1. Identify, from the list B:Lys104, B:Lys2, the residue that is within 14 Å of another protein chain (Cβ to nearest Cβ), within 25 Å of A:Thr112 (Cα to Cα) and part of a loop (DSSP other than H, G, I, E, B).
2. I need the full set of residues from region A:25-78 which are more than 13 Å from chain B (Cβ to nearest Cβ), in contact (Cβ under 8 Å) with a residue 60 or more places away in the chain and crowded, with 20+ Cβ neighbours inside 10 Å, in order please.
3. Name the single residue that is surrounded by the most Cβ atoms within 10 Å (Cβ to Cβ) among those in region B:48-58 being within 14 Å of the chain's Cα centre (by Cα) and either assigned to a loop (DSSP other than H, G, I, E, B) or within 11 Å of chain A (Cβ to nearest Cβ) (or both).
4. Tell me whether region B:10-23 contains one or more residues that are of a type in the set (Val, Ile, Thr), more than 10 Å from every other protein chain (Cβ to nearest Cβ) and crowded, with 20+ Cβ neighbours inside 10 Å.
Amino acid sequence: DAGVTQSPTHLIKTRGQQVTLRCSPISGHKSVSWYQQVLGQGPQFIFQYYEKEERGRGNFPDRFSARQFPNYSSELNVNALLLGDSALYLCASSLGRDGTKMNTEAFFGQGTRLTVV
Amino acid sequence: RKEVEQDPGPFNVPEGATVAFNCTYSNSASQSFFWYRQDCRKEPKLLMSVYSSGNEDGRFTAQLNRASQYISLLIRDSKLSDSATYLCVVNPPGQAGTALIFGKGTTLSVSS
């Protein structure tokens, strides 16, 4: 079975540009979350989508947006890129509701390494 | 107070040693707890979930103390391949399973 897949794996952009990152969750998983990880820090939560609705948003500016498609894949968009947006962007997939409980075990893709110059 | 705090590390231990990592969390209503492992420039990988009763997986034992809001990970008989950063992760309460909150991570280096 395929794990979480993200594209592209690496990306170089200039300040002010816009970027779109893509994520395909594990088959059967309905929840996708996005995280930003800068060097030396743990991942920081950006967004969570479940059943195509935004269910959580971290402390990131409005330049960051995301959406989830009917097939549960997801895109993260970042506008007006800043040097400080350089980071590893991670997508995580989780099952979501498992019977009456929420299964929150998350599995990560390999990430997209974004460099803003 | 940070939401999830971990031992600063790094931990440098010889093969065969036992090493323990500690973590505290601030949201007393948190319901799910995990340890993730992250190798250099790779994605985090789920090592184990942490339950109130404690749980063990081979050489790894995780404990949760809700009263103290404290999580631990014990690694016995350390192997060279255990060298990595260990991330303490908490899932605060939420209807759809909201954000995972990560600690900064503790780096473990096992030497021969």
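1. Numbers: B:Lys2 fails: within 25 Å of A:Thr112 (Cα to Cα).
Exactly one of B:Lys104, B:Lys2 is within 14 Å of another protein chain (Cβ to nearest Cβ), within 25 Å of A:Thr112 (Cα to Cα) and part of a loop (DSSP other than H, G, I, E, B), namely B:Lys104.
2. Within region A:25-78, A:Pro25, A:Val78 qualify.
3. Start the filter on region B:48-58 by keeping residues that are within 14 Å of the chain's Cα centre (by Cα), which leaves B:48-51, B:54-57.
Those left that are additionally either assigned to a loop (DSSP other than H, G, I, E, B) or within 11 Å of chain A (Cβ to nearest Cβ) (or both): B:48-49, B:51, B:54.
Working: B:Met48: 19, B:Ser49: 17, B:Tyr51: 12, B:Gly54: 13.
Among residues in region B:48-58 that are within 14 Å of the chain's Cα centre (by Cα) and either assigned to a loop (DSSP other than H, G, I, E, B) or within 11 Å of chain A (Cβ to nearest Cβ) (or both), the one surrounded by the most Cβ atoms within 10 Å (Cβ to Cβ) is B:Met48.
4. Step one: of region B:10-23, the residues of a type in the set (Val, Ile, Thr) are B:13, B:18-19.
From the residues that got through so far, the ones that are more than 10 Å from every other protein chain (Cβ to nearest Cβ) too are B:13, B:18-19.
Going one step further and asking which of them are crowded, with 20+ Cβ neighbours inside 10 Å, we end up with none.
No: zero hits.
We did not get these values from a lab; they are worked out from the coordinates using the rules stated. Only a predicted model underlies this, so the values are computations on that prediction, with no experimental measurement involved. Using ideal geometry, Cβ is built from the backbone for each residue, glycine included, and neighbour counts are taken over all protein chains shown.
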